[in-house]
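*Asks:* First the structure, which I've put down as structure tokens, then a few questions once you've had a look.
Bear in mind these aren't lab numbers, they're just calculated from the coordinates by the rules spelled out. These numbers come from a predicted model, not from an experiment. Here the Cβ is made from the backbone with ideal geometry for all residues, glycine too, and neighbour counts use every protein chain on show.
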Amino acid sequence: MAVLEGLTSRLTAITDKMRGKSRVSEKDIKEMMREIRLALLEADVHYGVVKELAEYINEKAKGSEVMKSLTPGQQIVKIVHESLLEVLGEEEKLAVSSSGFTVFMLYGLQGAGKTTTAAKLALHLRKKGKKPLLVSVDVHRPAAQEQLAVLAKSIDIPYYINPEEKSAAKIAKEGLERAKYLMCNTLIVDTAGRMTIDDEMMQELRDIDKVVQADDRLLIVDAMIGQEAVEIARQFEEQIGLDGFIMTKLDGDARGGAALSIRKMTGKPIKMVGTGEQLADLEPFYPDRLASRILGMGDVLSLIEKAEQTLDEEKAQQTLDRLRQNRFTMQDMLEQLEQIQNMGSIKDMLSMIPGLGSKAANLDVDENQLVSVRAIIQSMTMAERENPKLLNASRRKRIASGSGTSVQAVNQVVRQYNDSLKLMKQFGNMGGRRGKRKRQKFDPSSIQW
Amino acid sequence: MAIFDKFKKGLSKTRDFISNQINRVAAEFGSFDEDMLDELEMTLVAADCGLPAATEAIDSIREHIRLTGDASRGTVIRVLREKLLSMLDEKKLSVPAGELSIFLMVGVNGTGKTTTAAKLANRYKAEGRRVMMAAADTFRAAAIEQLKEWGERTDTPVISHETGSDPAAVVYDAIQSAKARKTELLIVDTAGRLHTKKNLMDELAKIKRVIQREAADAKVETLLVLDATTGQNAIVQARSYNEAIEVSGLVISKLDGNAKGGVAIAVSRETGLPLALAGLGEQVDDLQDFDKQLFVDALLPIE
């Protein structure tokens, strides 16, 4: 899948060709710059931003010792990554009004995820000790207000809706009053999705803002958005005012290049990112993660977090204990397999590993193989799983027919088990000596490009 | 409004954008040089056509200029039009009377599946078909209410269960009900799901299996709804959905808005999947058959 090929591997391919040459030609550099532009465009970074960045990177690369190094491709990627980080800037906090009452207004195109984000934001702010009230002023989409009400109820946050009322500004006013009456100190206004070219809808948004006087006007942007993102952000900024944005649906595989474009063209910060369908899935924005993502360099941190979320720690500990006692059985192997499968497709996981990102796409991972391994283990009796030495020829034959596979396949699984047993014994000993490792803080500079 | 006008109106932003760029670069000499071709390539990229498609189109123009020596504005536009047309594939949906057709609406979150389902219901009711909708989005809060509201507005029966129930069970019930009522079109609205979520894609595959098993004789269309504002990720979406449940047609929604819609070209070119429908406005009758001639005509300045 050429589209998702990582920049690192492409640049390395170019610099590999240069190896042995005493001088890097103008043409080589031009070719590399083209690859950089291509990677950024594929990530949906705005073409104007790409052009500017490419020039900047070109200058930076020229001035440094890039080409003299042994790995010019990786050096260039490092420069690109740093340049993206410069653009993305630091994490920035949500607004807190000095008046003691803070108003957030969420707006954006249809389907960007405003309502879900509004609820997520409320939950996030309550965790920070605020007392938020949610109000939906969407008088356009059928059942939009009900949607916010259901979400608010599910997290036990006060809300205000008025589906009978036709004026969004009026609902906003009522919501504001309700928030003050309930002694809330934060109001989150969820507005209807709109296009910036729709003058009537933009006027409605101005009217709402006039009533609530938002402290933080947040544009909700879908991570999948294309080249138009910049223009949309600019329009909202000009017509309504923009204090920052929240990028949603980053749990997909969109590169999210729009974040870079919007940040660069409007100068407004990314305040939070949405990373899942659950209401707790709203996270602070980490520039280094997004920069890596845009470049398709894999996202080790996401992988680690995914593993942490999915893996049942207790079970993992049990397995580890058993390993230490040399008691790793087929049953443990089955459980491990199931946990891995819960994390999603193997290809997805591989693609998150830096350097593997591009190759993972081409790897022929047979997900079905895992399914048949599972079937084979499940066809064993508990006694057999606990003690695979029991598996004689006749038992293996039974397992093969039980799992719909062949004796060869069963043999292979047993062999795999024995191999992992050997391997894991080594790990187990290591872990035993070192004791519990502390979780290390991530340092982006430690990544080997 | 005639279909062509709707397309033109819907795509007016794109057309103005591309036309202006072409006119601007061609204005000075009336013919294209290398720099201007580069700029044209970026114009296509800026419309979300994707760099591979843009490069292919510009290369063919370059080749044509090399062979004929004709770099005039008219020729460049004609070659570009032909090239873009060759990248697009279209498909016309039909719902025959007297038999059951099932449209399965799928896509990532927020692309406009529910609205498109309602527009389809409205359209085929107007053609005199007996239409029914199934609320198989049992996940998102108030999604069922949203579809029910559309059902009332379009006077279409909606089969639904509780939020949180098994969507495949909703579909099963809907099919039984459709058979009993001699429904001619059953539109199944599913929950938005990112193509990277394996368990959710499996759930969709299950829904499709239920349809194939329970309505083996029905004419089934699996329609992937893509948001026209989406960038290059739309290609990956189309590919993943097609692998998981075999998509039979694409719907480009929100083509009337801020989007330039070039992603339709990128997706069709990369996946070969045909475009069936275009959402050209917020009104319930603003859904049109995708017509690639009109689409490209609306994109490019007319000579």
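*Asks:* Per residue of segment A:94-103, what does 6.51 cos²θ - 1.76 cosθ + 1.60 with θ = phi - 60° give for ³J(HN,Hα)? Whole Hz please, x for Gly and Pro, Karplus curve as stated.
*Replies:* Along segment A:94-103, the couplings run 5, 5, 10, 7, 5, 6, x, 10, 9, 10 Hz.
*Asks:* In addition: Lys/Arg Cβ at +1, Asp/Glu Cβ at -1, dipole of chain B taken about the Cα centre: which of B:L194, B:A264, B:V296 is farthest positive-ward?
*Replies:* B:L194
*Asks:* Based on Cβ point charges of +1 for Lys and Arg and -1 for Asp and Glu, what charge dipole magnitude is obtained for chain B about its Cα centre, in debye rounded to the nearest 20? Before the final figure, lay out the partial values.
*Replies:* Working: 39 positive and 46 negative charges, 170 e Å.
Approximately 820 debye in magnitude.
*Asks:* While we're looking at this one, here's another question. Residues with amide H under 5 Å of A:T248's amide H, sequence separation 5 or more or different chain, H placed in the peptide plane at 1.01 Å from N; which?
*Replies:* A:V221, A:D222, A:A223, A:G274
*Asks:* Another question about this same structure. If we count every other residue with Cβ under 10 angstrom of A:G244's Cβ, Lys/Arg +1 and Asp/Glu -1, where does the sum land?
*Replies:* +2
*Asks:* Still on this structure: Looking at segment B:112-189 from every direction and averaging, what is the projected area of its Cα convex hull in nm²? Numbers along the way, then the final one.
*Replies:* Values: hull surface 17.7 nm².
Approximately 4.4 nm², given one-decimal rounding.
*Asks:* Please report the net charge: other residues with Cβ closer than 15 Å to the Cβ of B:L224, K and R +1, D and E -1.
*Replies:* Around B:L224, the surrounding residues sum to -2.
*Asks:* Continuing with the same structure: Using the Karplus equation 6.51 cos²θ - 1.76 cosθ + 1.60 (θ = phi - 60°), what ³J(HN,Hα) coupling, rounded to whole Hz, does each residue of segment B:144-150 give in order, writing x for Gly and Pro?
*Replies:* So the J values, rounded to whole Hz, are 5, 4, 4, 5, 4, 4, 5.
*Asks:* Counting partner chain Cβ atoms within 10 Å of every residue's Cβ in A:369-382, what's the average?
*Replies:* 0
*Asks:* Another question about this same structure. What distance in nm separates the two pseudo spin-label positions at B:Q212 and A:A280, each 7 Å out from Cα along the beta-carbon direction?
*Replies:* 3.7
*Asks:* A:Q213 versus B:A205, label points 7 Å from Cα toward the beta carbon: distance in nm?
*Replies:* Distance between label points: 5.7 nm.
*Asks:* OK, next. Could you give the dipole magnitude of segment A:177-257 about its Cα centre, charging the beta-carbon of Lys and Arg +1 and that of Asp and Glu -1, in debye to the nearest 20?
*Replies:* It comes to approximately 260 debye.
*Asks:* Restricting the calculation to Cα positions, tell me the Rg (one decimal) and the Dmax (whole number) of segment A:117-243 in Å.
*Replies:* Rg and Dmax of segment A:117-243, Cα atoms, are 14.4, 44 Å.
*Asks:* I've got another one for you. Full extension from A:S420 to A:K30: what is 0.36 nm times the residue separation minus their Cα-Cα distance, to one decimal in nm?
*Replies:* Working: separation 390, 0.36 × 390 = 140.40 nm, distance 4.74 nm.
The A:S420-A:K30 span can extend by a further 135.7 nm.
*Asks:* Also: Compute the long axis of helix B:51-68 from its Cα atoms, compare it with the longest principal axis of the Cα atoms of chain B, and write down the angle in degrees, 0 to 90, nearest 10.
*Replies:* With rounding to tens, the tilt is 40 degrees.
*Asks:* Order by neighbour count: A:I270, A:I29, B:I77, fewest other Cβ atoms within 10 Å first, most last.
*Replies:* Sorted ascending by nearby Cβ count, the order is A:I29, B:I77, A:I270.
*Asks:* Then there is this: Other chains near B:280-289: what is the mean number of their Cβ atoms within 10 Å of each residue's Cβ?
*Replies:* Taking all residues of B:280-289 together, the mean is 1.
*Asks:* Can you list the HN-Hα couplings for segment B:252-265, worked out from phi with the Karplus curve (6.51, -1.76, 1.60; θ = phi - 60°), rounded to whole Hz and with x for Gly and Pro?
*Replies:* 9, 9, 6, 6, 8, x, 6, 6, 9, x, x, 4, 4, 5
*Asks:* Taking one equal scatterer on every alpha-carbon of chain B, how large is log10 of I(q)/I(0) by Debye at q = 0.10, 0.13 1/Å?
*Replies:* -0.56, -0.86
*Asks:* Just the ratio, please: alpha-carbon radius of gyration of segment B:72-209 over 2.2 N^0.38 Å, N its number of residues.
*Replies:* Details: Rg = 18.1 Å, N = 138, 2.2 N^0.38 = 14.3 Å.
Cα-based Rg divided by the globular estimate yields 1.26.
*Asks:* Report, by chain and number, residues whose modeled amide H sits under 5 Å from the one on B:A191, excluding near sequence neighbours (fewer than 5 apart, same chain).
*Replies:* The list, which skips near neighbours in sequence, is B:D137, B:T138.
*Asks:* Here is a further query. Can you compute the FRET efficiency between A:E177 and B:A180 using 1/(1 + (r/R0)^6), with r the Cβ-Cβ distance and R0 = 41 Å? Round to the nearest 0.05.
*Replies:* Numbers: r = 51 Å, r/R0 = 1.23.
Result of the calculation: an efficiency of 0.20.
*Asks:* Could I ask something else about it? Once amide H atoms are placed 1.01 Å from N in the peptide plane, what residues at a sequence separation of 5 or more from B:I102, or on another chain, have their amide H within under 5 Å of its amide H?
*Replies:* Placed amide hydrogens put B:L186, B:K219, B:V220, B:E221 under 5 Å from B:I102.
*Asks:* Follow-up question, since we're still on this one. Within 10 Å of each Cβ in peptide B:139-146, how many partner chain Cβ atoms are there on average? Round it to a whole number, please.
*Replies:* Taking all residues of B:139-146 together, the mean is 6.
*Asks:* Another one. Stretch A:Q369-A:E165 to full length: gain in nm at 0.36 nm per residue minus the Cα-Cα span?
*Replies:* Values: separation 204, 0.36 × 204 = 73.44 nm, distance 5.69 nm.
Contour length minus Cα-Cα distance gives 67.8 nm.
*Asks:* Report the one residue of B:I77, B:M105, B:T156 whose Cα lies farthest in the direction of the positive end of the charge dipole of segment B:68-195 (charges on C-beta: Lys and Arg +1, Asp and Glu -1; origin at the Cα centre).
*Replies:* Farthest along the dipole direction, towards plus: B:I77.
*Asks:* Which order, highest average first, do B:283-290, B:271-278, A:110-117 follow once you tally other Cβ atoms within 10 Å for each residue and take the mean per peptide?
*Replies:* Averaged packing, sorted descending, gives the order A:110-117, B:271-278, B:283-290.
*Asks:* Something else: Among B:G281, B:A205, B:Q232, whose Cα sits farthest toward the positive end of the charge dipole of segment B:195-303 (+1 at Cβ of Lys/Arg, -1 at Cβ of Asp/Glu, about the Cα centre)?
*Replies:* With unit charges placed on the Cβ atoms, the residue in question is B:A205.
*Asks:* Fewest Cβ neighbours within 10 Å first, please rank A:K268, A:K170 accordingly.
*Replies:* A:K170, A:K268
*Asks:* What is the calculated FRET efficiency for B:D89 to A:Q378, with r their C-beta to C-beta distance and R₀ = 30 Å, to the nearest 0.05?
*Replies:* 0.10
*Asks:* Taking R0 as 22 Å, what's the FRET efficiency between A:K51 and A:R234 from their Cβ-Cβ distance, rounded to 0.05?
*Replies:* 0.80
*Asks:* If you rank B:C49, A:C184 by fewest surrounding Cβ atoms within 10 Å, what's the result?
*Replies:* Ascending number of Cβ neighbours within 10 Å: A:C184, B:C49.
*Asks:* Return the single residue from B:T163, B:T222, B:T115 with maximal mean-square fluctuation; model: Gaussian network over chain B, springs between Cα atoms under 10 Å.
*Replies:* Result: B:T163 has the largest fluctuation of those listed.
*Asks:* So, one more: If the chain between A:I155 and A:S394 were fully stretched, how many nm would it gain, using 0.36 nm times the residue separation less the Cα-Cα distance?
*Replies:* Length gained, A:I155 through A:S394: 80.4 nm.
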